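**Q** This is the structure I have questions about; it appears just below.
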Amino acid sequence: MSAEKNIEIVQNAYAAFSRGDMDALFNSFADDIQWLTPGNSAFAGERRGKEEIGGFFRLLDEQWEILSFEPREYIASGYRVVVLGRYDMRAKSTGRAAASHWAMVWTIRDGKLARFQEYTDTSTMEAAQSA
Amino acid sequence: MKNSLSNLSLAAVLILAAALIPGAMLIAAAGAHDAEIREIKATEARWNHEFESRDLEKMLAHYIDDATVIAPGMPPFHGKEAIRSLLKEMAADQAMSLKFQTLRVHIAKSGDVGWTEGSYTMTMTDPQTRKPVESSGSYVTVYKKEHGEWKAVSDIASAGPSSVEEPSKEKSHER
């Protein structure tokens, strides 16, 4: 699959997330997708498979209000796509807002998203959740 | 007759060449791709030494003019002058130590954009306790080729346990 096609798969996944179409988002995932999130919060660590990642998104919805979510740049190298962007979020527990630039690295296998790894300023996000 | 044979030989040579040239081009492209990967790895190895020797100008020279640095717990640094202030503060800290290990290098097909993923350990003086504090995490640095050199466009570090997988643990197609 070409790098351009892989970028399109990733772009479609972000578009699905942005319009709240979680079915389309999860359809873009491989069944055994690996999901790696940095930091020390409840979000951090490794998850595998759609069920565990469903838990990730439920936690996200419980704890954060997404004020803006902007993937800005897509770069592909073979099976991998890195996306640079920024989000603004508000912690539901404290009402405090936090913003971070991020990089998300995706691996595509057989037309499906097989691995996700996020790089972001987790300490700023975690501080917003501290009372 | 001789002419016909010559023509046939010429045709055979041309067919053979047509068959071999794309392969040769692919090999050349793969070689160029590997050379770029080695160049970025060498750049990051050099960068490590420059942190060790606290050479501010050399540390800074790795960034393009409008680069962005995102470091844990700090506001984002946009542009070379903002990054200079961050690096200056780091270089002035006697306890400062930053070591990073490149675990993956990726180059886009265009050959002028790429990124690295790796892990780091950093020691800095805590401004409140005045004691050295060690932290570690992972990073992704996006590069573009500017005037023949790989320069960092975006440098994002995440604190916490590094989850960058060693390339050797992956399937071969996921370099």
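The values are calculated or read from the model by the stated rules, or taken from the named source; none is laboratory data. The model shown is predicted, which means the values in this text are computed figures rather than measured ones. Neighbour counts run over all protein chains shown; Cβ positions are idealised from the backbone, glycine included.
**Q** Looking at B:A157, is it modelled with pLDDT under 95, closer than 19 Å to B:I83 by Cα and either within 16 Å of the chain's Cα centre (by Cα) or part of a strand (DSSP E or B) (or both)?
**A** Yes, satisfied.
**Q** Any idea how many residues of the range A:91-103 are buried (at least 16 other Cβ atoms within 10 Å of the Cβ) and touching a Lys or Arg at 6+ places or on another chain (Cβ under 9 Å)?
**A** Count: 5.
**Q** Tell me whether the range A:104-116 contains one or more residues that are without any contact (Cβ under 8 Å) to a residue 40 or more places away in the chain, of a type in the set (D, E, K, R) and part of a strand (DSSP E or B).
**A** no
**Q** Please go through the range A:44-80 and pick out each residue that is under 13 Å from the mean Cα position of the chain (by Cα) and in contact (Cβ under 8 Å) with a residue 40 or more places away in the chain.
**A** A:A44, A:F69, A:P71 - these are the residues of the range A:44-80 that are under 13 Å from the mean Cα position of the chain (by Cα) and in contact (Cβ under 8 Å) with a residue 40 or more places away in the chain.
**Q** Collect the residues in the range B:46-93 that are under 22 Å from B:A159 (Cβ atoms), more than 14 Å from chain A (Cβ to nearest Cβ) and part of a strand (DSSP E or B), keeping them in residue-number order.
**A** Matches in the range B:46-93: B:Y63 only.
**Q** Let me ask you something else. Here is a list: B:S136, B:S110. Which entry is over 17 Å from the mean Cα position of the chain (by Cα) and under 23 Å from A:Q117 (Cβ atoms)?
**A** One residue alone meets the criteria, B:S136.
**Q** Criterion first (closer than 16 Å to A:V83 by Cα, part of a strand (DSSP E or B) and in contact with an Asp or Glu (Cβ under 9 Å, 6 or more places away or on another chain)) does B:T102 satisfy it?
**A** No.
**Q** Checking B:P75 against (1) under 20 Å from B:S136 (Cα atoms); (2) under 21 Å from the mean Cα position of the chain (by Cα), only one condition comes out false. Which one?
**A** Failing condition for B:P75: (2).
**Q** Right, something else. Which members of the range A:1-22 meet the condition of being within 14 Å of chain B (Cβ to nearest Cβ), outside any loop (DSSP other than H, G, I, E, B) and not β-branched (V, I, T)?
**A** Of everything in the range A:1-22, those that are within 14 Å of chain B (Cβ to nearest Cβ), outside any loop (DSSP other than H, G, I, E, B) and not β-branched (V, I, T) turn out to be A:A3, A:E4, A:K5, A:N6.
**Q** In the range A:62-71, is there at least one residue being of a type in the set (F, W, Y), buried (at least 18 other Cβ atoms within 10 Å of the Cβ), part of a strand (DSSP E or B) and in contact with a helix residue (DSSP H, G or I) (Cβ under 6 Å, 6 or more places away or on another chain)?
**A** Among the residues of the range A:62-71, not one is of a type in the set (F, W, Y), buried (at least 18 other Cβ atoms within 10 Å of the Cβ), part of a strand (DSSP E or B) and in contact with a helix residue (DSSP H, G or I) (Cβ under 6 Å, 6 or more places away or on another chain), which makes the answer no.
**Q** Here's a check for you: in the range B:94-145, which residue that is within 11 Å of chain A (Cβ to nearest Cβ) and charged (D, E, K, R) is surrounded by the most Cβ atoms within 10 Å (Cβ to Cβ)?
**A** B:E117
**Q** Right, another one. Only one residue in A:R86, A:R109, A:R80 is surrounded by fewer than 19 Cβ atoms within 10 Å (Cβ to Cβ), of a type in the set (D, E, K, R) and farther than 17 Å from B:V69 by Cα, so which one is that?
**A** Every option except A:R109 fails the conditions.
**Q** Mind counting the residues in the range B:146-161 that are surrounded by fewer than 19 Cβ atoms within 10 Å (Cβ to Cβ) and farther than 19 Å from B:R38 by Cα? Working first, answer last.
**A** As a first pass, look at the range B:146-161 and keep what is surrounded by fewer than 19 Cβ atoms within 10 Å (Cβ to Cβ): B:146-149, B:151, B:161.
From what is left, the residues that are farther than 19 Å from B:R38 by Cα are B:161.
Of the residues in that region, 1 qualify.
**Q** Same structure, new question: Against the condition assigned to a helix (DSSP H, G or I) and away from chain B (no Cβ under 14 Å), how does A:F57 come out, does it pass?
**A** So A:F57 fits the description; yes.
**Q** Here is a further query. Restricting to the range A:26-54, and then to whatever is in contact with a Ser or Thr (Cβ under 7 Å, 6 or more places away or on another chain) and part of a strand (DSSP E or B), can you tell me which residue is surrounded by the most Cβ atoms within 10 Å (Cβ to Cβ)?
**A** Of everything passing the filter in the range A:26-54, A:L36 is surrounded by the most Cβ atoms within 10 Å (Cβ to Cβ).
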